[in-house]
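As structure tokens, the structure follows; a few thoughts come after it.
The values are calculated or read from the model by the stated rules, or taken from the named source; none is laboratory data. This is a predicted model, so every value here is computed, not measured. Heads up, the Cβs are rebuilt from the backbone with ideal geometry, glycines too, and the neighbour counts pull from every protein chain shown. Just the protein is used for accessible areas: all its heavy atoms, side chains included, with ligands, DNA and RNA removed. Shrake-Rupley method; radii C 1.70, N 1.55, O 1.52, S 1.80 Å.
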Amino acid sequence: MSIISKDISKAIELLEAEELVAIPTETVYGLAGNIYSEKAIKLIFETKKRPFFNPLIVHIASIDLLPTIVSHVPLKAKLLAEAFWPGPLTLVLPKNQHIPDLITAGKNTVAVRIPNHPTALELLKRLEFPLAAPSANPFGSISPTTAQHVNDYFENDITMVLDGGSCQRGIESTIIGFNNEEPIIYRLGSTPIEAIEAVVGTIEIKNKKQITPDAPGMLDRHYAPKTQTILVENLSEALQIHQGKQIGILTFKTPKTNTNVAFQIVLSETQNLQEAASKLYDALHQLDKQELDLIIAERFPDFGLGKSINDRLQRATVQA
Ligand code: AMP
Ligand code: MG
């Protein structure tokens, strides 16, 4: 049975009754609940099997609500919010005392953003409370970018997926925190670093789970298919090494070499990084359904959204 529906009024009814609704955003689908309902927030962690030490992002309808969530806004945070909201940029700021500890994992900061999706915005405007909405997938697995992806994960666990079509951006928000009023990137995401630097100048990336090829043990397994997945610089070399296996490949553009493989997805024939980002998770979902021995992903160019895509692919390749 499908739990997918376009009925916003029904979603409001459920959220007001402290239940969860999966909602569309421009990044990925979120598993949403009232931030002030302990019942709903606990249910989010339980449903996702997400550890309680992993804080949630608060979603608000308008910048006017920011003072109800945070206690201080550094000048550069204000500039970023004005430049990118509504949009895929999350700001981590000192929390307002009314924000429950469950949301922030006990930290004195809270993550907040305004999503840029007409359905999410209408929903938030009609509700009297903000929504916590981590990605609507079991902890560690591939994020959902269609209502059907969420349905496949949580058909038996939640009542409704509010259908807002395929997510236009396709990877999670970029997260920015502050140290002594200066911004720091905590997570690469859908807002490219170059666009952020155009607003606030050079910015440090302190992506703790940042990957170095010789330290695979430091990698956080996340966004990961069940099928073994590797990320390579040289596709034809990798295909040679893994000859004889049932292989699926995932590439940015059409490969130059003849790839005689069981399954193949090209993310952007025209080499458009935004198109590739929007298709990335659906491609991983599809590849994971093919009963392959191995998924080989080819590394993206290391700039703009390519950097964010590489970050997600690296985390997808960590073994369970
Ligand atoms: P998700 O909602 O699944 O995209 O994940 C939210 C992410 O936001 C978490 O994994 C954290 O990395 C980050 N986050 C949320 N709140 C905070 C905070 N107060 N300080 C630092 N990072 C945060
Ligand atoms: Mg997530």
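Miscellaneous remarks
- Order of exposure, largest accessible area first, which applies to VAL318, VAL150 with probe 1.4 Å: VAL318, VAL150
- The listed peptides 129-137, 89-97, ordered by packing as a protection proxy, come out as 129-137, 89-97 (highest mean of other Cβ atoms within 10 Å first).
- Packing-based order for 152-158, 173-179, using average beta carbon neighbours within 10 Å, highest first: 173-179, 152-158
- Selection of trypsin sites (Lys or Arg not before Pro), segment 271-307, meeting DSSP coil and at most 15 other Cβ within 10 Å: LYS289
- For segment 165-204 and segment 256-311, distance of Cα centres in Å: 22
- For the chain, diffusion coefficient by Stokes-Einstein and Kirkwood Rh (Cα), 10 °C, 1.306 mPa s, µm²/s: 79
- Contact order relative to length of the chain, as percent, for alpha carbon pairs under 8 angstrom and 6 or more apart: 20
- In this view, the solvent-accessible surface of SER2, computed with a 1.4 Å probe and all protein chains in place, comes to about 70 Å².
- Stokes-Einstein D (µm²/s) once Rh is taken as the Kirkwood radius of segment 182-304 over alpha-carbon pairs, at 37 °C in 0.692 mPa s: 203
- Taking SER236, SER71 and ordering them by how much accessible surface each has at a 1.4 Å probe, largest first, produces SER71, SER236.
- Neighbourhood charge, 15 Å Cβ-Cβ cut-off, centred on HIS117 and excluding it, Lys, Arg +1 and Asp, Glu -1: +1
- Values of log10 I(q)/I(0), in the order q = 0.12, 0.15, 0.17 Å⁻¹, for segment 229-289 under a Debye, Cα-only, solvent-free model: -0.28, -0.45, -0.57
- Quarter the surface of the alpha carbon convex hull of segment 84-151 and you get the mean projected area, 5.8 square nanometres.
- Calculated [θ] (222 nm, deg cm²/dmol) that DSSP helices of n ≥ 4 give over the chain, each run adding -39,500 (n - 2.57): -8500 deg cm²/dmol
- Of the peptides 199-207, 222-230, 259-267, the order by per-residue mean of other Cβ atoms within 10 Å, starting with the highest, comes out as 222-230, 259-267, 199-207.
- Nearest-ten-degree value, helix 75-84 long axis tilted from longest Cα axis of the chain: 60
- Folded to 0 to 90 degrees: helix 305-316 orientation relative to the chain principal axis, Cα: 80
- Here, segment 127-246 yields an orientationally averaged convex hull projection of 12.2 nm² when only Cα atoms define the hull.
- In segment 51-113, Rg over Rh equals 0.95, where Rg is the alpha-carbon radius of gyration and Rh the Kirkwood radius from pairwise Cα distances.
- Calculated log₁₀ intensity ratio I(q)/I(0) where the Debye formula runs over C-alpha points of segment 73-193, q = 0.12, 0.14, 0.18, 0.19 Å⁻¹: -0.50, -0.69, -1.13, -1.24
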